[in-house]
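Okay, handing you the structure first.
The values are calculated or read from the model by the stated rules, or taken from the named source; none is laboratory data. In this text, all values refer to a predicted model and were calculated from it rather than measured experimentally. Cβ coordinates were reconstructed from backbone atoms using ideal geometry, including for glycine residues, and neighbour counts include every protein chain displayed. Just so you know, the surface numbers come from the protein's heavy atoms only, side chains and all, with ligands and any DNA or RNA stripped out. Shrake-Rupley method; radii C 1.70, N 1.55, O 1.52, S 1.80 Å.
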Amino acid sequence: INNMAKLVDFEQEIQNNLRKNAIDQGVFLQDPASTYLSFNTKFGKGVIVESHVYFQANVEIQDNVHIKAFSYLEGVRIENNASIGPFARIRGNSVIGTEARIGNFVEIKNSTIDFSSKIGHLSYIGDAKIGKNVNIGAGVVTCNYDGFGKHKTIIGDGTFVGSNSAVIAPIIIGSN
């Protein structure tokens, strides 16, 4: 590889091989040509991936996960029966729990979203631990940076955080 054209061709060949391997494992890629995979993307069974999804390094997708269009995933484990997107961005050491729902225009970084919790739309969750069966309303932001350091937000099981809330860390919101 001694020029950009050959580099691009080589990358396309790698992507085509990664896509073929995913499909051979039983992953449904709605539009394979618009799906970008990393060399270490791991898929479970029954996974559906819509168009224009980017899998960067260190992504593990467990069984029966649905990833909707235009989502960007990096450094995340998505557990069984979860739903992601459309237009979701999940990165940096995150875990999306079983049956969790992450909706459109949600960004998650360095956070754990536990069993059956929902973040429907237009939210930023960073450096947080969200418990089981939590509902995060539209426009919620975890304010994790104070200008000097990052702080943790912890939200207990069964909690509802209303729309347009700014949750300023460090904070613990109890269960229910």
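Has the range 142-161 got at least one residue that is surrounded by 18 or more Cβ atoms within 10 Å (Cβ to Cβ), at pLDDT 95 or above and under 21 Å from PHE87 (Cα atoms)?
For the range 142-161, residues surrounded by 18 or more Cβ atoms within 10 Å (Cβ to Cβ), at pLDDT 95 or above and under 21 Å from PHE87 (Cα atoms): present.
If we scan the range 21-31, do we find a residue that is more than 21 Å from THR112 (Cβ to Cβ), assigned to a strand (DSSP E or B) and open to solvent by 70 Å² or more (accessible area, probe 1.4 Å)?
Yes.
Here is a further query. Among the residues of the range 101-127, count how many are farther than 15 Å from GLY156 by Cα and in contact with an Asp or Glu (Cβ under 9 Å, 6 or more places away or on another chain).
Total meeting the criteria: 5.
Inside the range 76-98, can you point out the residues that are touching an Asp or Glu at 6+ places or on another chain (Cβ under 6 Å), open to solvent by 10 Å² or more (accessible area, probe 1.4 Å) and within 19 Å of LYS132 (Cα to Cα)?
ARG77, ASN80, ASN81, THR98 - these are the residues of the range 76-98 that are touching an Asp or Glu at 6+ places or on another chain (Cβ under 6 Å), open to solvent by 10 Å² or more (accessible area, probe 1.4 Å) and within 19 Å of LYS132 (Cα to Cα).
Take the range 73-92 and flag every residue that is in contact with a strand residue (DSSP E or B) (Cβ under 8 Å, 6 or more places away or on another chain) and not in a strand (DSSP E or B).
GLU74, GLY75, GLU79, ALA82, GLY85, PRO86, PHE87, ALA88, GLY92, listed by residue number.
Just to check your reading of the model, which residue among GLN30, GLN12 is under 24 Å from ILE96 (Cβ atoms) and among the polar types (S, T, N, Q)?
Being under 24 Å from ILE96 (Cβ atoms) and among the polar types (S, T, N, Q) holds for just one of GLN30, GLN12, which is GLN30.
Additional query: Could you please find all residues in the range 126-141 being farther than 19 Å from VAL76 by Cα, open to solvent by less than 10 Å² (accessible area, probe 1.4 Å) and part of a strand (DSSP E or B)?
Passing the criteria: only ILE136.
For GLY75, are the conditions met, namely being at positive phi and not acidic (Asp, Glu)?
Taking the combined requirement at face value, the residue satisfies it.
Hey, another quick one. Mind telling me which of the residues THR98, THR112 ends up being more than 26 Å from ASN164 (Cβ to Cβ) and β-branched (Val, Ile, Thr)?
THR98
Considering each residue of the range 44-75, count those that are over 22 Å from ASP24 (Cβ atoms) and either buried (at least 21 other Cβ atoms within 10 Å of the Cβ) or modelled with pLDDT under 95 (or both), and give that number.
Result for the range 44-75: 2.
Hey, another quick one. Tell me, yes or no, whether the range 114-125 has at least one residue that is farther than 29 Å from ASN40 by Cβ and open to solvent by less than 60 Å² (accessible area, probe 1.4 Å).
yes
What's the number of the only condition in (1) open to solvent by less than 80 Å² (accessible area, probe 1.4 Å); (2) assigned to a loop (DSSP other than H, G, I, E, B) that GLN15 fails to meet?
Failing condition for GLN15: (2).
Residues are listed down the side, and each one gets a yes or a no for (1) farther than 22 Å from SER94 by Cβ; (2) in a strand (DSSP E or B); (3) among the polar types (S, T, N, Q):
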| position | (1), (2), (3) |
| --- | --- |
| GLY46 | no, no, no |
| SER51 | yes, no, yes |
| ALA57 | no, no, no |
| GLU60 | no, yes, no |
| ASN64 | no, no, yes |
